[in-house]
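The next block holds one structure in the form of structure tokens; read it before the comments.
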Amino acid sequence: MTKAAVVQAGSVPFDPAAATAKAVSLIAECGQAGAELAVFPEAFIGGYPKGSSFGSVIGNRTEDGRRLFERYTRAAITIDGEEVSQLEAAASEHGVFVVIGVIERLANTLYCTALMIDPQEGLVGKHRKLMPTSVERLVWGFGDGSTFDVVESPAGRLGTVICWENYMPLFRQAMYAKGVEIYCAPTADDRPAWPSSMVHIALEGRVHVLSACQTITKSEYPEDYEFEFETPERVMRGGSMIVDPLGNILAGPVYDEETILYADIDTGLKTRAHLDMDVTGNYSRPDIFRLAVNTQPMNSVEFTSNN
């Protein structure tokens, strides 16, 4: 058995130093409780700018919207930055494998990224969200197949699928085919329908699903942040949960409070669950259905030399 934790907490939007410090404190709490794995929500560092359109409509952008994007970009982190080093140090000190959602800055583009941090080896994997949803596409770039990372963790082979990527059937199939056992689902979706999707995925892939969502109020955003659309006082209400490979809910969902959910992961249950179904093996029909996955980095510019 491996003890896993799902952290349901609010970020510190637009303040990466404070959000990182909060994450470090929560990693320590997970380690003190005996957890060897901790999963944090989407965009925990950098923040999820819910309620804003960044002053954009079709055919026009406002100067205020551009300034907000500048501020959001300054709140994003780089993979080689101090924030990741602090997370690696905390994971090492407390013996916790950490999965955490960040807003990553690469050159002039932001990505919604999940980092996978091993307590001994540091950053061992990352996943950039493939398909930002709706207005998210304005401020986040598209990931590619080169960050379909599935890595070893204390609870088994671990991969990350962010928010509505979980509604992409072919992506789920690709992750199952890569042998994912611990299926992490950091999200900003706190709707009542989300838990049923998590149970479905656990059953479909015969995986442990660890879903983490923030719970955060308007007062935790900067005072001058403008919610351009009607948004309740509790901007996100959580709903984090842990589900086993037979669809049994081990912890959660919990709403409207910061908490850490814990569950013991039975690493043998996945194998037992495949007695009657393996969607990439004994329950597949490759003579009828086949999936091709491009895992090459898709760079817009490549420099070559004849020297």
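The values are calculated or read from the model by the stated rules, or taken from the named source; none is laboratory data. As the structure is a computational prediction, the values presented were derived from the model and not from experiment. Please note that ligands, DNA and RNA were not included when accessible areas were found on the heavy atoms of the full protein model with its side chains. Shrake-Rupley method; radii C 1.70, N 1.55, O 1.52, S 1.80 Å.
Assorted remarks:
- Less than 5 angstrom separates the built amide H of Met236 from those of Ile216, all sequence-distant by 5 or more or on a different chain.
- Among the listed pairs Lys50/Lys129; Lys3/Lys270; Lys129/Lys178; Lys129/Lys218; Lys126/Lys178, those whose Cα-Cα separation exceeds 22 Å are Lys129/Lys218.
- Ser300 contributes about 120 Å² of solvent-accessible surface, heavy atoms of the protein only, 1.4 Å probe.
- Heavy-atom accessible surface of the chain: percent carbon and sulfur, 1.4 Å: 50
- Couplings for the range 133-148, taken from phi via the Karplus curve 6.51 cos²θ - 1.76 cosθ + 1.60 with θ = phi - 60°, read 8, 6, 5, 3, 5, 5, 10, 10, x, 9, x, 10, x, 6, 10, 7 Hz in order; Gly and Pro are left as x.
- Most fluctuating residue given options Ala273, Ala35, Ala188, as computed from a GNM of the chain linking Cα atoms under 10 Å: Ala273
- The chain: calculated mean residue ellipticity at 222 nm from DSSP helix runs of at least 4, using -39500 (n - 2.57): -7000 deg cm²/dmol
- In the elastic network of the chain, a GNM with C-alpha springs shorter than 10 Å, the most mobile of Val279, Val180, Val254 is Val279.
- Highest-MSF residue in the chain out of Thr113, Thr267, Thr133 [GNM, Cα springs under 10 Å]: Thr133
- Gyration tensor (alpha-carbon) shape descriptor, the range 113-212, a/c threshold 1.5: oblate
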